[in-house]
Each structure stands twice: as structure tokens, then as C-alpha cells.
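Note sheet for the following structure.
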Amino acid sequence: MRTQVAIIGAGPSGLLLGQLLTRQGIDNVILERKDPAYVRARIRAGVLEQGTVGMLEEAGVADRLHREGLVHDGFSLAFDGRNHRIDLRALTGGKTVTVYGQTEVTADLMDARAAAGAVSIYEAGDIELHDFGGDAPRVSYTKDGVRHELACDFIAGCDGYHGVARKSVPEASISLFERVYPFGWLGVLADVPPAAHELVYANHADGFALCSMRSPTRSRYYVQVPVEEKVEDWSDDRFFDELRRRLPQEVADGVTPGPSIEKSVAPLRSFVAEPMRFGRLFLAGDAAHIVPPTGAKGLNLAASDVRYLFDAFAEYYREHSSAGIDGYSARALRRIWKAERFSWWMTTMLHRFPADSTFAQRIQLAELDYVAGSVAASTAVAENYVGLPY
């Protein structure tokens, strides 16, 4: 089999890239090691930057998003018993974010790809990348016990942090930057009304908490816990008691406890791989970078990678120019490191670190108080939260 672009991974970045390429008339094949039901069921982030929404519109998959997504004009920082609202729309000249689960984005993209008749090969095992340093890259894989080979012009590695794409690059050709945080987020998904109509990020003496949502009837809540914490040690009652204890009273009063439909502990890390291009192999999304979820940047960074990579491929096939693909890595990394900085800053400001002194805790409160009292500081938070321009 032959295609123009072989995409490794059917997560949001791979599916979005494939959808944009298909609409441009650029042939592509997606290889995914899991089955479709598994891909559809993965529960991930849910806050979309305005630029990400625009890309989904460009891809022709935003109809349900506009019907069901929740447009948010702001969010709140809770600390020291009070609640400060960041007015995103007012501080950024009208920009907003949209709450729409990554699970739903994935479903919309999978449905659109099936309707377009584009090729997706699920349960592709033992994927190997070959000759991407030359002009004729190949991908081999096993399907139903038979070994296959896919010839292509380019390979897009969109297969996540644990995927084969980045691992196929020789160690001497790639630099890895990482910070692992000494805590995680214990998250609960429950079919109960949200505590507030916008997200609330809370700094508390006993640790961070977040009130989020997926819809007007489905809430997503988190509390900071030690990274080694066991989910089975947390009953629903214990979780909701701890959540409410870390929130200002008016927010805590809005929390409706309910049975969890999903509960897990997610470790936090910052990670970047440089560069993101190796001959005819390009990394995108979690294959190249991870951010702590505090700044709501994970899915949105994957989308910005796709923005740059799609533009580069379209320029190559339309104008026979390699300028875009030559500049892809540097262009993407400039935005990635700014998002890494914002996510690190939010994480540092809102969480309790085991080694923190009382001085460090006072600095956190001073930082939050400064943001709350300064239009300039609030504007900096808002413009990062809605997403820096592409």
C-alpha cells in the first residue's frame, strides 16, 4: 500500500491532521494499535482554546461542538477564602474558551473520517518506522497475523508519549527535557450539576482542587494527592468531603455529591522533545510534549502542532515548497515552550509542594493576590489561557 502521509496514532492530533489533509485532497492513512471502541472511550481534557475551535470548524467537525459545547467567558482563582474571576472576554478583546470533552472531539473526528472514506487501520501491531532519514520512508505493521508495509512521502508521529514514533529516533538525535511533579490529580467524573457555571481553580493549605464540567449535568472534579495515592482508598463520600473542604464556602455550597462514573489518579509532568522533525518523520502532540493539566493546554498544544504541520504539508503539495516542513519544528517549539511556561507557572502557584516552606506558601498567596489586584497580571493570565496566537 502507498499513501502520501502515514499518520501513527488515532488520537485527536492524528485524527485532526488526517481530516484536514483529506479535505485538502492529500491522501493519508492512520495506523492505530488500539481498537476503535478503546479510542472512543478515552477520557481526557475538555477546555478548548478559540484557535482549536477554529481548526475544528475548518475540519468540518464543529456542528455538534457548537450545539453542545459550553462557551466560557472566564474562570476563577480561589485562594485565602475568596474567589477572583478572570474575565477572559473583557481582558482579551472578546476571546473565550469552550468546554467540550476530548472524548467528543475524538468521536466527531472518527465519524467524519469514516464518512469521508479515509483509511484507518486499527489494531495495527508491531508498528515499525523505516528509512525516514531518506526520501522513501516506510511503515510496517501486523494486522490479523499478517505483516504489511505502507510506503509514504512523510510520517506524522501522533501516537502519544509512549508511542513508537519518538522511540524510533536515535538517542543522539533528540534532546529530552522533563520535570516530574511529586503529586497527582485524583479525578472524579459524576453525573451531577457543576458547582459553578465556570471553572474554579483553588489554592488551599492542604492542596489544589479544581471544579470543572463536561456538560450542564456532568461534572469533573479534581483534588491534589500524593502521586502514590491509591484510588481504592477514596470512596465517593471521602472525595466530595475533601473537595468541598478545599473550596471557598460559596463554591463548596454548590457542589452536588454523586456516584462517580470514573475515578483515577493522574501524575503530573512537564516534558518536551527537541527537535520535532527527523528527516521525513514529524512528531506532534503528546509524542513531543506533555504539560501538567493545570493550564488546560494539552489538547490545545496538539492542535497547534497540527496547525503548523498541516500548513507545511499543504504548502509542500500545493506549491512544491519545503519551507514549511523545514521550519515546522522551530515554529511549533516556540509556542510549546510558552505553553509549558504557563502550565508550570499555574501548577507552581496553585499546588502544595512537599518541600515548601511557610515562606514559599506566602509567596504563592502573594502571587495570587497580585493577579487578583492587577489588570496587567490578569491580562497576562487571560491571554495565555485563551491561547497565544498561531
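Condition test on E178, is it part of a strand (DSSP E or B) and modelled with pLDDT of 95 or more?
Spelling it out, E178 is indeed part of a strand (DSSP E or B) and modelled with pLDDT of 95 or more.
Where residues in the stretch 297-343 are touching a Ser or Thr at 6+ places or on another chain (Cβ under 7 Å) and of a type outside the set (A, V, I, L, M, F, W, C), which of them is farthest from G46 (Cα to Cα)?
By that ranking, first place goes to Y316.
Please go through the stretch 149-169 and give me each residue that is out of contact with any helix residue (DSSP H, G or I) (no Cβ under 6 Å at 6 or more places or on another chain) and outside any strand (DSSP E or B), ordered by number.
Answer for the stretch 149-169, where residues must be out of contact with any helix residue (DSSP H, G or I) (no Cβ under 6 Å at 6 or more places or on another chain) and outside any strand (DSSP E or B): C152, D153, H162, V164, K167, S168, V169.
Among the listed residues A284, A296, A339, identify the single one that is within 22 Å of L56 (Cβ to Cβ), out of contact with any Leu (no Cβ under 6 Å at 6 or more places or on another chain) and not assigned by TED's automatic domain parsing to the domain that holds G207.
Testing whether each residue is within 22 Å of L56 (Cβ to Cβ), out of contact with any Leu (no Cβ under 6 Å at 6 or more places or on another chain) and not assigned by TED's automatic domain parsing to the domain that holds G207 leaves just A296.
Specify the residue that is surrounded by the fewest Cβ atoms within 10 Å (Cβ to Cβ); the eligible residues are those in the stretch 298-345 that are more than 20 Å from the chain's Cα centre (by Cα), part of a helix (DSSP H, G or I) and among the hydroxyl-bearing types (S, T, Y).
Per the criteria, the residue is Y317.
How many residues does the stretch 72-130 hold that are more than 30 Å from V386 (Cβ to Cβ) and not small (G, A, S)?
9
Would you tally the residues in the stretch 61-88 being closer than 20 Å to G373 by Cβ and not aliphatic (A, V, I, L, M)?
11
For the stretch 262-284, check the following and say yes or no: at least one residue is in a loop (DSSP other than H, G, I, E, B) and among the aliphatic types (A, V, I, L, M).
We begin by selecting, within the stretch 262-284, every residue in a loop (DSSP other than H, G, I, E, B); these are 275-276, 279-280, 284.
Retained after the next criterion (residues that are among the aliphatic types (A, V, I, L, M)): 276, 284.
Yes: one or more hits.
Would you call A172 among the aliphatic types (A, V, I, L, M), surrounded by 21 or more Cβ atoms within 10 Å (Cβ to Cβ), outside any loop (DSSP other than H, G, I, E, B) and assigned by TED's automatic domain parsing to the domain that holds I336?
No: the conditions fail for A172.
Does the stretch 68-80 include one or more residues that are under 20 Å from the mean Cα position of the chain (by Cα) and assigned to a helix (DSSP H, G or I)?
Within the stretch 68-80, one or more residues are under 20 Å from the mean Cα position of the chain (by Cα) and assigned to a helix (DSSP H, G or I).
Could you list all residues from the stretch 350-367 that are crowded, with 21+ Cβ neighbours inside 10 Å and aliphatic (A, V, I, L, M)?
Once the filter is applied, which keeps residues that are crowded, with 21+ Cβ neighbours inside 10 Å and aliphatic (A, V, I, L, M), the stretch 350-367 yields only L350.
Going by the structure shown, is F208 over 16 Å from G187 (Cα atoms), touching a helix residue (DSSP H, G or I) at 6+ places or on another chain (Cβ under 8 Å) and buried (at least 19 other Cβ atoms within 10 Å of the Cβ)?
Details: over 16 Å from G187 (Cα atoms): no; touching a helix residue (DSSP H, G or I) at 6+ places or on another chain (Cβ under 8 Å): yes; buried (at least 19 other Cβ atoms within 10 Å of the Cβ): yes.
So F208 does not fit the description; no.
Can you tell which of L350, L388 is in contact (Cβ under 8 Å) with a residue 12 or more places away in the chain, within 30 Å of V53 (Cβ to Cβ) and touching a Leu at 6+ places or on another chain (Cβ under 9 Å)? Step through it out loud before you land on a result.
Details: L388 fails: touching a Leu at 6+ places or on another chain (Cβ under 9 Å).
Within the list L350, L388, the selection yields L350.
Among the residues of the stretch 25-57, write down those that are surrounded by fewer than 18 Cβ atoms within 10 Å (Cβ to Cβ), closer than 22 Å to L301 by Cβ and among the hydrophobic types (A, V, I, L, M, F, W, C).
Residue satisfying the conditions is I43 alone.
If you go through the stretch 238-261, how many residues are more than 15 Å from A205 (Cα to Cα) and either surrounded by 18 or more Cβ atoms within 10 Å (Cβ to Cβ) or of a type in the set (G, A, S) (or both)?
8
Among the numbered criteria (1) within 21 Å of the chain's Cα centre (by Cα); (2) farther than 30 Å from T348 by Cα; (3) in a helix (DSSP H, G or I), which single criterion is violated by G60?
Failing condition for G60: (3).
The values are calculated or read from the model by the stated rules, or taken from the named source; none is laboratory data. What you are looking at is a predicted structure, and each value in this text was computed from that prediction instead of being measured. Glycine also receives a Cβ, built like all others from the backbone with ideal geometry; neighbour counts cover every protein chain displayed.
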